[in-house]
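Worksheet for the structure shown next.
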Amino acid sequence: MTSHSDDDFSSFLAQYAHDSNGNNRTAKDFYDLSLSLFCRFKNHGDLQALTNSLLAVQVAVFLNSHGGDVDRASCLQQLGVVLVSRFQRLGDSTDITLAISACEGAVELSSDDHPDKAERLSLLGSAFLNRFRRGDDLRDVARAILAGQRAIEITPDSDLGKTMYLSNCALAFQARYQRLGDLDDLTQAISLGQRAVELAPDHHPNKVNYLNNSAASLQMRFDRLGNLEDIEKAVDVVQKAVDLHPEGHVNSLSNLGLFLKKRFSRLSNLEDLTQSISATQRALDLLPDDHPNKPLILNNQGIAYRERYERLGNADDIAQAVSLGQQAVDLTPDDHPVQPRHLTNVGIAYRERFRLFGDTADLTRALDACQRSVSLTPDDHHLKATRLHSLGNVFSVRFDSLGDLEDLSQAIIAIRHATNLASDDEPDKATYCSNLSSALWERFERHDDSEDMEEAVFMAHRAVELTPDNHPNISARLNHLGIALLTRFNHADNPEDLAQAARALTRAVDVIPDDHPDKPSILNSLSTTLLKRFKLAGDEEDMKLAISTGQKSVTLAPVGRRTNAIFFHNLRHAHLLRYECFGDVQDLICSLSFGADALRLTLEGHPYRIVVLYGLGLVFRSSFWSTRDQTHLAGAIKMFEAASIDLSGSPSRRFQATVQCAELCMLPYPSPSPQLAFERMFTLIPLLVTLDRPLEKRFKDAAREIGAAVNLAAAYAISSGQPVLALEWLEAGRSIVWGQLFQFRSPIDELRTMHPECANEFQHIVRALQAPVSDVRHTRDIPDLEKEVHTRLQLVRKFDALLEDVRKLVGFEDFMRVPKLPKLNESLSGLDGPVVVINMHHSRCDALVVSPHSTVRLIPLPHLSLKLALSIHSKMTREFSRGRTAYSGDEDARGNSVRGTVPASKSEGLRRVLSCLWRTIVQPILVAIEDILCDFTFDRKPHVTWCPTGRLALLPLHAAGVYDGVHALNASDFIVSSYAPSLTALLRALKAGGIPTTTPRVICVSQVYSPSHPTLPPLPGVLKEAEVLQECFEDSVTCLQDGHGTVSEVLRSINDHSWIHLACHGVQDRDNPTNSGFLLHDRRLTLSDLMRQSKHGAEFAFLSACETATGDENIPDEAVHLVAGMLAVGYRGVVGTTWAIHDSDAPVVAAAFYTAMISGRRNREVGAAYTGAAYALDEAIVQLRRTVGEDSFTRWAPYVHFGL
């Protein structure tokens, strides 16, 4: 028996122990009294009546145990009824446990033919169900179903009591479905619930409950399968329940509100939402504050207000949503099964209020609520996916606000988990897929990881596949898929992506009505895609359709909306493209007009304004070339200049605008000087080398944009008589990423070391400014657009102020500025020969020569052109493509083992290439600097260091010459050649200095096999190289061969050795240069590994592997090869190869090279800071040429020296 206080029990006995005649009450009297008091509770909600009803039936049970005058099973049944009701009202778990015990006793005492057996079974099932709802024990819901099914089986349809048994059993199946998500359970619930409704007449006292329960099951199936018929029927069924109680029925009104809200979510009929809020409010008004259903109804009302806010944008609605949702959470204990639902919904409300007002406290509350919801939800719960998805969305919002990539990663993890948990028949899975795709695109835009791009496209496809054609979001998901495919086409150039994008967007346009606010943006996406396809295939029909589609987007968009700017901008682009293709001046006029409209509609300070300015500049430029009207030239310069100084624009677009402005100012027309534009361009370079992106992303983004622009600036400086400025500009723009690699630190890393709080604030602002421009196509709310502009301008002001503050800090005066070339007369004094920097531009080609004994000398190269350099490189590429791929163990026609791809030993094509390089570049330069070379000519050839730009960086200038027998003449006859990634890199190494040791300690790593890459062939020749080093250095060499040559062992030994000889396979990763490296016994020894290792006294490295100094033709100005990488790691001099080498040659070269190195040091022929490797390699190659023949230049020319 449930315990009561002595006062309660005494009071009860004093009131009810005797009847009106003063006689003692019997068990039957107390039983009847309990029934009467329970009716009072049911009719009036009198909680004291419920308490007294329980006391009465407990007395009846007690008296009955001593031979009372009432059936014991009936007493136990009544006890179960009262206890279940009190549990439902007060939530005391003891009550439901005792209720189950009483009901089990009643069932056990009832024979199968007893008329109350079925009722008692159903009551037992109801008790088990109530305990399951509180305790989440699946055994309880299983027992509830078994008891309910037994009650149904023994009851004929003619018995009206069967309706209650059917409905209760349906509720048990419904509850198990909600827990496990098994559709069979839901099907059973619907079937049983409908039978209960059909058997019960309208005057049945429980008909309203049966209608509500049946409608709830239909609503659940709608949530699961998205069948519109289910929610329509659910609304009709529950409306009938409402009609049966005109005075108001709480559950009916609450359910009507819920189902109308569900239908609104599907059909977007605002009247449904209005009626939903009204019905739910009526339900709340009827409920006392302590009613157990109050939190659930508060939660539903909060959701309705939130959805109305999302539709209408009324701040009062989101305030109500937060208030109601928080009340629901506060009234529900954490161990209640519905608490995770309430937490998720209030978390979403806080998230939306944060988006409106920007209070980060709301964002913290949202994240806390959603994380609690996920943690309280069992992994096998069918709503786990929904709650994970909500958590992921909050992480996404925090990423959008704070820019922390870890938040974006957490969002992807949560939403991906939700997507994996959800079955394909769940309608929300399409939403999960769509949002996962969007999050992956966000990360792809920052990391440029192709895996993110591929998964994003796949998820966009899945979202469309899982969305019914009549779903309101189908057009948005088709549009997202189309844009995703278009973006992938832009990266991978697969025409099939473009075709699929056009199909998806065409379908999106077809399924969305003209009056839908998103139609203009989808038309715009289709127009953009058709333009891309026109550029690819040249089909005029695509161009016509692109323009007509773009015109329709403008026509359908509300007149004067600022968000229409992108539609006008893209129409400008379409007409300009058609003009450039077909020459119709009317298109040029239209392009100017649409560009002006776009600019008029774009707010100053919006990050999209720079795109509009740049586009309009392109139109003015084309108009100038067409008409030679100088006012159009002035207009183009004005637009590009405005774009270049637009601080809210992306650094990349500002850089492009600055270059365009400078190019136009260089034209022979009255214009401003281009020098100011070029100076502005160089201030943008540090921002292009993005501070918080991975190295590989910085590398790709920056190098491709900067190279040609820097060559243009240098050509201008040279033309204007400023060769020193030209040299400074070339150095500022070349080897940008590798320049950072020399310290393996970015400027912000240095700042964080000394001023961490300042660095974190700076990085936060940079991330926010570098976030992708908001897509104005989906921004229909003008206040939101203006708010974004205001926020952006505040960020720009903060950035400028913080940058100024940082530059006031000691040691950070040049923070985020292009480094200036050191004073030449101070920094060049240690050079042992001239450095030749070659600049190429289509307007002119020149060499800039620096040496300790002269100022910068300009040498025009009139016979060299950009076109010729491209042609020479193309010829070399063809020679190697005609070569064959062979590896150690294979043999060429003469029986020599080779590694890599090698052309014929005496390639006529290469002979012509080397001759052309001699005539157009090397010979004219050597003639022009003969006096400088004489200053360095003592008892040996002078030393020249080459710093070529563009495609010249990929060509063998050191081997240039005429190879035709008696008239043979080549560079190595006159000079010793070295290379440097940049003059700055060379001077930095020179400044670091170091006295050459006569007995250096050497580590030799030789790998015949590469176990981590078993498909690679063996390299038996490396053993001979190891023997050569042992003979040359004896006790000063440490040989790590095969199994001893592990990454950990090499890194452990490297600090004790100033020289390193690597004879193994090398791997170049041109996408991520720091992942390039050498294949050792266990894994790849990467440049990142070496950078993290402190290398005191690192001096020289010999990379005896194929193609270790071969650059990337796509970004030749960045020295993307292992040799330059070793310089970045800290070695002052490095020898490598530009193409394949012969195994038989490698030991010969190594023996001659190290013999010369040791001799030069013993004879003190090596200058301070220099390694002597350039001269040693020259002697080694002389010996190899004598052995293999001078005309076998493919065997000796691959060897090159970089650095000092």
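The values are calculated or read from the model by the stated rules, or taken from the named source; none is laboratory data. Bear in mind that the values here come from a model prediction, so they are computed numbers and not experimental data. Glycine also receives a Cβ, built like all others from the backbone with ideal geometry; neighbour counts cover every protein chain displayed. Just so you know, the surface numbers come from the protein's heavy atoms only, side chains and all, with ligands and any DNA or RNA stripped out. Shrake-Rupley method; radii C 1.70, N 1.55, O 1.52, S 1.80 Å.
Assorted remarks:
- Tyr579 accessible area, 1.4 Å probe, all protein chains in place, Å² to nearest 10: 30
- Rounded FRET efficiency, nearest 0.05, which uses the C-beta distance separating Arg1164 from Val962 and R0 of 41 Å: 0.70
- Per-residue accessible area (protein heavy atoms, 1.4 Å probe) orders His491, His842, His573 as His842, His491, His573, starting from the largest.
- Shape of the stretch 1004-1044, Cα gyration tensor, a/c cut at 1.5: oblate
- With a threshold of 29 Å on the Cα-Cα distance, the over-threshold entries among Lys233/Lys429; Lys867/Lys991; Lys532/Lys552; Lys941/Lys1024 are Lys867/Lys991; Lys941/Lys1024.
- Using θ = phi - 60° in the Karplus curve 6.51 cos²θ - 1.76 cosθ + 1.60, the 3J(HN,Hα) couplings for the stretch 961-968 round to x, 9, 10, 9, x, 5, 9, 4 Hz; x is entered for Gly and Pro.
- Relative to its Kirkwood radius, the Cα radius of gyration of the chain gives an Rg/Rh of 1.12.
- Under 5 Å between amide hydrogens, built in the peptide plane, is the criterion, and for Leu861 it picks out Cys845, Asp846, Ala847 among residues at least 5 positions away or on other chains.
- The stretch 326-339 - phi-based ³J(HN,Hα) in whole Hz, Karplus 6.51/-1.76/1.60, Gly and Pro as x: 5, 4, 4, 5, 5, 8, 10, x, 5, 8, 7, x, 8, 4
- In the complete set of protein chains, residue-level accessible area for Lys240 is approximately 90 Å², probe 1.4 angstrom.
- Apportionment of accessible area to carbon and sulfur, the stretch 210-314, percent (1.4 Å): 45
- Based on C-alpha pairs under 8 angstrom that are at least 6 apart in sequence, the chain has a relative contact order of 5 percent.
- Ranking Cys947, Cys1032 from most to least accessible surface, computed with a 1.4 Å probe over the protein chains only, gives Cys1032, Cys947.
- Shape of the stretch 554-641, Cα gyration tensor, a/c cut at 1.5: oblate
- A cut-off of 5 Å between modelled amide H atoms, ignoring neighbours fewer than 5 places along the same chain, links His1061 with Ile1003, Cys1004, Val1005, Phe1102.
- Each residue of the stretch 148-155 is assigned a 3J(HN,Hα), and the resulting list reads x, 4, 5, 4, 5, 4, 8, 10 Hz, derived from the Karplus form 6.51 cos²θ - 1.76 cosθ + 1.60 (θ = phi - 60°), x at Gly and Pro.
- Only Cα pairs under 8 Å and 6+ residues apart enter the sum, and on that basis the relative contact order of the stretch 201-338 stands at 16 percent.
- For His943, the residues whose modelled amide H falls within less than 5 Å of its own, excluding neighbours fewer than 5 places apart on the same chain, are Val976.
- Farthest positive-ward along the chain dipole, Cα basis, beta-carbon charges - from Leu933, Pro337, Leu367: Leu933
- Mean Cβ count within 10 Å, highest first, over the residues of peptides 241-253, 657-669: 657-669, 241-253
- Per residue, the accessible area of the chain comes to 41 Å², computed with a 1.4 Å probe over protein heavy atoms only.
- Kirkwood analysis of the Cα pair distances in the stretch 34-99 returns a hydrodynamic radius of 11.8 Å.
- When the Cα convex hull of the stretch 502-603 is projected onto planes of every orientation, the mean area is 6.2 nm².
- Helix-only [θ]222 nm of the chain, DSSP H runs n ≥ 4, -39500 (n - 2.57) each, per residue, nearest 500: -20500 deg cm²/dmol
- Highest mean packing first, where packing is the average number of other Cβ atoms within 10 Å per residue, the peptides 674-686, 610-622, 134-146 line up as 610-622, 674-686, 134-146.
- Sorting the segments 125-131, 34-40 by their residues' average number of neighbouring beta-carbon atoms within 10 angstrom, most packed first, yields 125-131, 34-40.
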